Amino acid sequence: MQITEKKVENSGMPQGALVNRHCIMKEDKSGMLGLDDLKLCTNLTIYGRTYRIVSTDAFTRWYYEQNGIEVGPEDNPEENNVLLIFRNSNF
(Lines give C-alpha, C1' and ligand atoms only; values in the text may rest on other atoms or scores of the structure.)
Protein backbone atom coordinates (compact mmCIF):
# COMPACT_ATOMS: atom_id res chain seq x y z
CA MET A 1 0.00 0.00 0.00
CA GLN A 2 1.13 3.54 -0.64
CA ILE A 3 -0.42 6.76 0.64
CA THR A 4 0.34 10.01 -1.14
CA GLU A 5 -0.73 13.55 -0.40
CA LYS A 6 -1.25 16.22 -3.02
CA LYS A 7 1.71 18.57 -3.14
CA VAL A 8 1.09 22.28 -2.61
CA GLU A 9 3.89 24.60 -3.62
CA ASN A 10 5.57 26.56 -0.82
CA SER A 11 3.37 25.11 1.92
CA GLY A 12 6.24 24.47 4.33
CA MET A 13 4.71 21.11 5.29
CA PRO A 14 5.96 17.59 4.49
CA GLN A 15 4.13 16.35 1.39
CA GLY A 16 4.12 13.56 -1.14
CA ALA A 17 4.51 9.95 -0.01
CA LEU A 18 3.27 9.49 3.58
CA VAL A 19 3.42 5.68 3.61
CA ASN A 20 5.63 3.78 1.18
CA ARG A 21 4.85 0.24 0.03
CA HIS A 22 4.54 -1.96 3.09
CA CYS A 23 1.91 -3.98 4.96
CA ILE A 24 -0.10 -2.06 7.55
CA MET A 25 -1.76 -3.48 10.66
CA LYS A 26 -5.51 -2.85 11.12
CA GLU A 27 -6.39 -0.31 13.77
CA ASP A 28 -7.82 -3.03 16.03
CA LYS A 29 -4.63 -5.15 15.62
CA SER A 30 -6.66 -8.09 14.23
CA GLY A 31 -4.41 -8.52 11.20
CA MET A 32 -3.09 -6.67 8.18
CA LEU A 33 -5.21 -4.44 5.98
CA GLY A 34 -6.51 -6.35 2.96
CA LEU A 35 -8.67 -5.90 -0.10
CA ASP A 36 -11.92 -5.92 1.88
CA ASP A 37 -10.64 -3.03 4.01
CA LEU A 38 -9.64 -0.91 1.02
CA LYS A 39 -12.86 0.22 -0.64
CA LEU A 40 -13.76 3.60 -2.05
CA CYS A 41 -15.60 6.12 0.15
CA THR A 42 -14.30 4.53 3.36
CA ASN A 43 -12.12 6.02 6.09
CA LEU A 44 -8.96 4.28 7.31
CA THR A 45 -6.98 5.17 10.39
CA ILE A 46 -3.30 4.41 9.82
CA TYR A 47 -0.61 5.35 12.33
CA GLY A 48 -3.02 7.70 14.10
CA ARG A 49 -4.11 9.60 10.97
CA THR A 50 -7.46 9.11 9.26
CA TYR A 51 -7.56 8.93 5.48
CA ARG A 52 -10.48 8.70 3.08
CA ILE A 53 -10.19 6.53 -0.02
CA VAL A 54 -11.51 8.67 -2.84
CA SER A 55 -10.11 7.18 -6.04
CA THR A 56 -8.26 4.25 -7.55
CA ASP A 57 -6.41 3.52 -10.75
CA ALA A 58 -7.80 1.44 -13.63
CA PHE A 59 -5.67 -1.60 -12.76
CA THR A 60 -6.96 -1.76 -9.19
CA ARG A 61 -10.57 -1.42 -10.32
CA TRP A 62 -9.99 -4.22 -12.86
CA TYR A 63 -8.27 -6.42 -10.23
CA TYR A 64 -11.15 -6.03 -7.79
CA GLU A 65 -13.70 -6.87 -10.50
CA GLN A 66 -11.72 -9.96 -11.58
CA ASN A 67 -11.75 -11.20 -7.98
CA GLY A 68 -15.46 -10.52 -7.40
CA ILE A 69 -14.89 -7.65 -4.94
CA GLU A 70 -16.96 -4.47 -5.16
CA VAL A 71 -14.61 -1.47 -5.04
CA GLY A 72 -17.42 1.08 -4.63
CA PRO A 73 -18.22 4.43 -6.26
CA GLU A 74 -15.55 7.12 -6.54
CA ASP A 75 -15.68 10.08 -4.20
CA ASN A 76 -14.97 13.63 -5.35
CA PRO A 77 -11.19 13.97 -4.76
CA GLU A 78 -11.31 17.73 -5.32
CA GLU A 79 -13.16 18.08 -2.01
CA ASN A 80 -10.51 16.11 -0.12
CA ASN A 81 -6.98 17.27 0.64
CA VAL A 82 -5.58 13.74 1.01
CA LEU A 83 -5.72 11.20 -1.78
CA LEU A 84 -5.22 7.53 -1.04
CA ILE A 85 -4.24 5.38 -3.97
CA PHE A 86 -3.88 1.68 -3.39
CA ARG A 87 -2.26 -0.91 -5.59
CA ASN A 88 -0.54 -4.06 -4.45
CA SER A 89 0.16 -7.02 -6.70
CA ASN A 90 0.75 -9.29 -3.68
CA PHE A 91 -2.99 -9.64 -2.82
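The values are calculated or read from the model by the stated rules, or taken from the named source; none is laboratory data. Just so it is clear, the model here is predicted, and its values are computed rather than measured. Using ideal geometry, Cβ is built from the backbone for each residue, glycine included, and neighbour counts are taken over all protein chains shown.
Of all residue pairs spaced 6 or more apart or on separate chains, none has beta-carbon atoms under 6 Å together with a first member in the stretch 30-48 that is part of a helix (DSSP H, G or I) and a second member that is buried (at least 17 other Cβ atoms within 10 Å of the Cβ). Taking the stretch 40-91 as the range and being modelled with pLDDT under 80 and either exposed (fewer than 14 other Cβ atoms within 10 Å of the Cβ) or in contact with a helix residue (DSSP H, G or I) (Cβ under 7 Å, 6 or more places away or on another chain) (or both) as the test, the residues that pass are Glu74, Asn76, Glu78, Glu79, Asn81, Leu83, Phe86, Arg87, Ser89, Asn90, Phe91. Restricting the stretch 1-20 to residues that are touching a residue at least 40 places away in the same chain (Cβ under 8 Å) and assigned to a loop (DSSP other than H, G, I, E, B), which is surrounded by the fewest Cβ atoms within 10 Å (Cβ to Cβ)? Per the stated criteria, the residue is Lys6. Scanning the stretch 50-78 for residues that are part of a strand (DSSP E or B) and touching a residue at least 12 places away in the same chain (Cβ under 8 Å) returns Tyr51, Arg52.
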